[in-house]
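Note sheet for the following structure.
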Amino acid sequence: MSRTSTRDRRQRGQSMVEYAVITAAILGFSVMGWPFIRLLVNALDAYFQGIYYVLQSPLT
């Protein structure tokens, strides 16, 4: 049975801490940007509704 050295354990712990920090940052920025994303989606919906209105309008 092989024993892991203290150095290997420290490196593994450091990578887990880095992973946790990066994941928390991504989730934090997603939550902070949510109102802006919601506004962008609503604007895109209004834009496409305008296009469909023009396409479905009768030609005279």
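A few remarks follow.
- Each residue in the range 30-60 was checked for being touching a helix residue (DSSP H, G or I) at 6+ places or on another chain (Cβ under 9 Å) and of a type in the set (S, T, N, Q), and 1 pass.
- The range 30-60, residues that are assigned to a loop (DSSP other than H, G, I, E, B) and of a type in the set (Asp, Glu): none
Each reported figure results from applying straightforward, stated rules to the coordinates on display, with no laboratory input. These figures come from a predicted structure and were not determined experimentally. So basically every Cβ, Gly included, is an ideal-geometry build from the backbone, and we count neighbours across all protein chains shown.
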